[in-house]
Amino acid sequence: MHCHIPAARRGPLIWLIPSLWTLGLGLWGLSRQDSVWRDEAATWQVAGRSAGEIVAMLGNVDAVHGLYYLLMHGLFELFGASTTTLRLPSVLAVAAAAACVALIGRRLAGFWAGLGGGLALGLLPAVQFYLQEGRPYALVAAGAGLSTLLLVSLLSAPAGPGPGLRARPRWTAYAVTVLVCALLNWLSLLVLPAHAATLWWVRAGRGVWLRWAAYGSCAAAGALPLVLFSRSQSDQVSWIPPLTWHMMIGPAILLTLGGVCALADRPRAGRLSAAAVGLPLLAVPQLGLVGISLVQPLFLDRYVLFSMVGLALLIGAGLGAAVRSVRPVFPRAADALVPGVVGIAVLALLPVELDKRAPASRVDDVLAVAGEVARLGRPGDAVLFVPAARRDTALVSPGAFTGLSDVALERGPVASATLKGEEADPARIREALLGQRRVLLVTDAAKVAKPSGAARDAAKAAVLKERFTAVEDREVRGRRVTVYERR
């Protein structure tokens with residue numbers, strides 16, 4: 001390659017530029033106008049508990065996110081609770097994933113393929129959503145990038161007994177990375193069959209297969225207790241709808257785009273290439289989740305966000321191939337191709353970029369509705385939450401609820417070792433409401449509200465309808481506060 005960047009400077013630049021680029025994308029509008037939505041609110045309120053309280057809760061709910069909650073607890077203790085502390089780990093994780101994509105791409109397809117892939121990762125719409133999200137999915141993507149980089153380095157190493165011994169620390173690091181990712185989200189174990197497909201593609205030797213199987217099995221075995229235990233909490237994902245044909249449109253588009261980019265890399269069986277690594281990393285998790293969802297509905301794109309590392313690698317390979325094609329004809333323009341394409345992509349995706357950084361990009365905002373409660377509430381008022389999960393706004397912003405009485409709550413979230421606490425039976429809720437003169441109801445906005453079949457919620461609605469009159473109603477960012485006064 002005849003790149004104008006001096007060869008001595010390409011080494012650090014290949015990962016530094018994508019990392020800083022992705023970091024900039026992540027820091028841009030990080031607070032989302034000081035909004036926090038319901039999924040992030042779960043992280044916020046759990047991270048504020050003690051480590052012992054978190055462990056106690058995991059026995060009842062959200063065991064699958066236990067490691068992440070403990071990590072965020074430590075960060076909240078060190079840096080305080082804020083939207084920056086909540087989301088910065090995801091930003092840093094995607095920046096690290098971009099660096100891994102760049103290093104893999106350079107090794108397999110050249111400088112411009114690595115740089116293009118690293119820059120592309122942070123621009124992918126799905127990645128932009130979770131780039132600024134206080135949940136573990138970006139961290140899993142970083143782990144998938146690192147484990148894939150380690151595998152590529154091992155496949156590129158010369159054969160023989162000496163190099164095999166020297167590779168042992170990298171195999172150990174590979175197993176540890178896969179295990180940590182599985183403890184953050186055990187569906188990330190789909191990276192193992194993706195890597196197996198790469199080994200098959202490149203016709204890896206028997207020794208490599210045996211080592212991969214041994215270390216991969218250790219990682220899977222380490223995660224198995226979590227997998228089995230979290231299955232007992234499967235009610236948490238019972239709301240996910242069954243797989244339908246229209247849900248397959250997104251994966252089909254991604255796989256088509258990835259396939260086109262893979263063809264540009266001129267894949268050949270037996271050769272380690274960007275296509276041999278990127279296409280399985282993109283396709284196997286997507287198709288694997290589809291297969292799992294045929295047994296139990298689990299099809300959510302965030303569960304396989306790490307497959308976007310494969311797509312970014314393939315996009316980079318396509319850009320690298322384009323540079324090689326253009327160089328003989330337009331040698332000076334070739335070096336401007338990748339920056340130019342990235343610049344055009346930024347402009348073309350500007351509506352997406354702005355949308356993902358707006359509060360409206362999420363279902364609701366627990367902080368905004370807390371502000372409405374603080375404005376409308378009076379000391380001595382009662383407060384109700386329908387469904388009970390909407391209590392998260394009080395858990396994230398307790399100051400807004402000072403002086404209000406949560407009359408339906410029997411045991412708080414910490415005392416009950418749950419996310420939302422335990423409410424009293426319907427008869428006791430009715431009795432408590434009949435003794436109130438003014439009630440604030442916190443619920444979902446009309447456009448996102450779903451019918452609640454809970455008997456407790458039915459009791460709340462019945463008493464409000466029979467004995468109270470709505471005197472004020474406010475909807476803000478996906479949530480609703482209604483003030484009721486006794487007739």
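With Cα atoms defining each centre, the stretch 168-236 and the stretch 15-43 are spaced 28 Å apart in the structure.
If you add up the charges near residue 407, with Lys and Arg at +1 and Asp and Glu at -1, over every other residue whose beta carbon is less than 11 angstrom from its beta carbon, what do you get?
On the way: positive: 428, 430, 460; negative: 381, 406, 410, 423, 431.
Neighbour charge sum, excluding residue 407 itself: -2.
With K and R counted +1 and D and E -1, the other residues having a Cβ less than 13 Å from that of residue 319 yield a net charge of +1.
What number do you get for the stretch 176-250 when its Cα radius of gyration is normalised by 2.2 N^0.38 Å, N = residues?
Working: Rg = 15.7 Å, N = 75, 2.2 N^0.38 = 11.3 Å.
My calculation over the Cα atoms of the stretch 176-250 gives 1.38.
A Förster distance of 30 Å, applied to the separation of the beta-carbon atoms of residue 378 and residue 56, puts the FRET efficiency at 0.30.
Anisotropy class assigned to the stretch 107-217 is oblate, per the alpha carbon gyration tensor with a/c at or over the 1.5 cut-off and a/b no larger than b/c.
Were the residues from residue 326 through residue 428 laid out at 0.36 nm apart, the gain over their Cα-Cα distance would be 29.2 nm. In the complete set of protein chains, residue-level accessible area for residue 249 is approximately 100 Å², probe 1.4 angstrom. Select from 117, 413, 285 the residue farthest towards the positive end of the dipole of the chain; place +1 on Cβ of Lys and Arg, -1 on Cβ of Asp and Glu, and compute about the Cα centre. With unit charges placed on the Cβ atoms, the residue in question is 117. Between residue 257 and residue 213, the modelled label-to-label distance comes to 3.7 nm, taking each label 7 Å out from Cα in the direction of the beta carbon.
Size of the dipole of the stretch 115-239 about the Cα centre, Lys and Arg at +1 and Asp and Glu at -1 on the beta carbon, nothing else charged, in debye to 20? All intermediate terms of the calculation are to be shown ahead of the outcome.
Working: 8 positive and 2 negative charges, 106 e Å.
Computed charge dipole of the stretch 115-239: roughly 520 debye.
Subtracting the Cα-Cα distance from 0.36 nm times the residue separation, let me have the gained length for residue 70 to residue 203 in nm, one decimal. Walk me through the numbers before you get to the answer.
On the way: separation 133, 0.36 × 133 = 47.88 nm, distance 4.07 nm.
My answer for the length gained is 43.8 nm.
Arrange the residues 112, 28, 200, 245 by how much accessible surface each exposes, largest first, with a 1.4 angstrom probe.
On the way: 112 15, 28 100, 200 185, 245 225 Å².
So, going from the largest accessible area down, we get 245, 200, 28, 112.
For the stretch 361-484, the square roots of the Cα gyration tensor eigenvalues, ordered a ≥ b ≥ c, give a/c below 1.5, which places it in the rounded category. Solvent-accessible surface of the chain, taken per residue with a 1.4 Å probe and all protein chains present: 43 Å². Fully extending the segment from residue 447 to residue 344, taken as 0.36 nm per residue of separation minus the present Cα-Cα distance, adds 33.6 nm.
Within the chain, what whole-number % of the accessible surface is contributed by carbon and sulfur, with the 1.4 Å probe and all protein chains included in the calculation? Display every interim value, and only then the final one.
On the way: 13670 of 20960 Å².
Accessible surface attributable to carbon and sulfur in the chain totals 65 percent.
For the chain, the longest principal axis of the C-alpha atoms and the axis of helix 66-79 are separated by about 80°.
In the stretch 381-487, which chymotrypsin sites (Phe, Trp or Tyr not before Pro) are in a loop and have at most 12 other Cβ atoms within 10 Å, using DSSP for the loop call? Write out the running numbers ahead of the final one.
On the way: sites: 385, 401, 468, 484; in loops: none.
Passing sites in the stretch 381-487 do not exist.
Please state the shape class of the stretch 66-167: rounded when a/c is under 1.5, otherwise prolate if a/b exceeds b/c and oblate if not, all from the C-alpha gyration tensor. Cα axes put the stretch 66-167 in the oblate bin.
One equal scatterer on each Cα of the chain, no solvent, Debye formula: the resulting log10 I(q)/I(0) at q = 0.05, 0.06, 0.07, 0.13 Å⁻¹ is -0.23, -0.32, -0.43, -1.20.
The values are calculated or read from the model by the stated rules, or taken from the named source; none is laboratory data. Here the structure is a predicted model, which means the values were calculated and not measured. We place every Cβ from the backbone using ideal geometry, glycine too, and count neighbours over all the protein chains shown. What goes into the accessible areas is simple: the full protein's heavy atoms, side chains included, and nothing from ligands, DNA or RNA. Shrake-Rupley method; radii C 1.70, N 1.55, O 1.52, S 1.80 Å.
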